[in-house]
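Novice: The following block contains the structure, expressed as structure tokens.
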Amino acid sequence: GPAGPSINSAAGDAAAAEPVATQCPEELYDVRDFIWSLFEQFTDTLLGWVHQSGAAALPVVDVALVAAVTALFETQAGSSRLPDLFRPTLQEHQKILLQYLFAYSAVWGIGGCLGSTSWDKWDWVVRDVFGGTANYPGSSGTVFDFYLDVSADGSSVSFAPWESRVPAYTFHPDQPSHDILVPTIDTCRYGSLLQMCMGAGQPLLLVGGTGVGKSVLVKAQIHGLHGTMGSRLEHVVLNCSARTGSKEAQELLEASMVKRGSRLGPPAGHQLVLFVDDINLPEKQLWGAQPPLEMLRLLLDRHGIYERWAPL
């Protein structure tokens, strides 16, 4: 089939995108234009391969894949580990930082929807496309086996194996068996993405078979955020079943919030994390809609939901 649309097509036409672009301070126009050039240079090729040759774990539209790249890029670019990233005069080392940051974001943002049967081919495509721009090590493993390793002063970056970050497992006799999480490469790489996205307020969907440890991993990362943020973190768990409706889901969500003016939200200075478990289970209606998921879609798209019990 044809290659996926360009970044301009995914974001609307150039005229529609221009007001957003002009929000960038004038002294950073060179940095902005370089980032834009990376999207224009690589996005079409990667999207086209995913559509033509990739086996997706679940289908994702192009605009969502590009949005995932931008979300990961923005989340990592905002890290205090990279103080030189947005200096006004674009230097060569800034370009290298941005290239590696973009490559890592594209690998996961566009390739994250692929099933494991496509990982080896995706690895070959990424290494070929980004060769000379952001070089992955030639050791064994795929591009998913490497993380973005930033130097202590934030001036340089490279790809390093996740294997080097797997901590030693410590057994706790009093820990319930269903809460035990033995560290592996998978728990490190998925856990890092989860931690990063939750900390930045970005939604993330984990897809996998029954019993592979998705729920335990999410709970472990929420526990880790509690250790970092303390009482400033609130979290609520929505356990879905075939009988879960939008009314029950909304009541659960609203019960964890407080009224702030005319709106509901977490207490001032707090962050609320919503963990939806077994998101595929709510019963489908005649035309395929699942009401609690439509409510969550509205929450993500419009950053709010309607007051169900408001007087007319």
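Novice: Of everything in segment 111-170, what is of a type in the set (S, T, Y), free of Cβ contacts under 8 Å to residues at least 60 places away in the same chain and assigned to a helix (DSSP H, G or I)? Give them in sequence order.
Specialist: Those that are of a type in the set (S, T, Y), free of Cβ contacts under 8 Å to residues at least 60 places away in the same chain and assigned to a helix (DSSP H, G or I): S116, S164.
Novice: Separate question: Among the residues of segment 173-189, what is the count of those that are assigned to a loop (DSSP other than H, G, I, E, B) and modelled with pLDDT of 85 or more?
Specialist: Number of matching residues: 5.
Novice: Tell me the residue from W122, W162 that is closer than 30 Å to G230 by Cβ, open to solvent by less than 20 Å² (accessible area, probe 1.4 Å) and in contact with a strand residue (DSSP E or B) (Cβ under 6 Å, 6 or more places away or on another chain), please. Outline the logic, then answer.
Specialist: Working: W122 fails: closer than 30 Å to G230 by Cβ.
From the options W122, W162, the qualifying one is W162.
Novice: Taking the conditions exactly as written (open to solvent by less than 30 Å² (accessible area, probe 1.4 Å), touching a Lys or Arg at 6+ places or on another chain (Cβ under 8 Å), modelled with pLDDT under 90 and at negative phi), does V143 satisfy them or not?
Specialist: Considered against the rule, which asks whether it is open to solvent by less than 30 Å² (accessible area, probe 1.4 Å), touching a Lys or Arg at 6+ places or on another chain (Cβ under 8 Å), modelled with pLDDT under 90 and at negative phi, V143 comes out as no.
Novice: Let me ask another. Only residues that are open to solvent by 80 Å² or more (accessible area, probe 1.4 Å) and part of a helix (DSSP H, G or I): list them for segment 200-235, please.
Specialist: Across segment 200-235, the qualifying residues are K219, H223, T228, S231, R232.
Novice: How do the pairs read when you match residues in segment 32-59 that are small (G, A, S) with residues anywhere that are open to solvent by 60 Å² or more (accessible area, probe 1.4 Å), using Cβ under 6 Å and keeping only pairs 6 or more apart or on different chains?
Specialist: Listed pairs, sorted by first residue: G48/A3; A55/T117; A57/V207.
Novice: What tally of residues in segment 61-99 results from selecting those that are in contact (Cβ under 8 Å) with a residue 40 or more places away in the chain, among the β-branched types (V, I, T) and either crowded, with 20+ Cβ neighbours inside 10 Å or assigned to a loop (DSSP other than H, G, I, E, B) (or both)?
Specialist: The total comes to 3.
The values are calculated or read from the model by the stated rules, or taken from the named source; none is laboratory data. What you see is a predicted model, and the numbers here were worked out from it, not measured in a lab. Every residue, glycine among them, receives a Cβ derived from its backbone with ideal geometry; neighbour counts consider all protein chains shown. Just the protein is used for accessible areas: all its heavy atoms, side chains included, with ligands, DNA and RNA removed. Shrake-Rupley method; radii C 1.70, N 1.55, O 1.52, S 1.80 Å.
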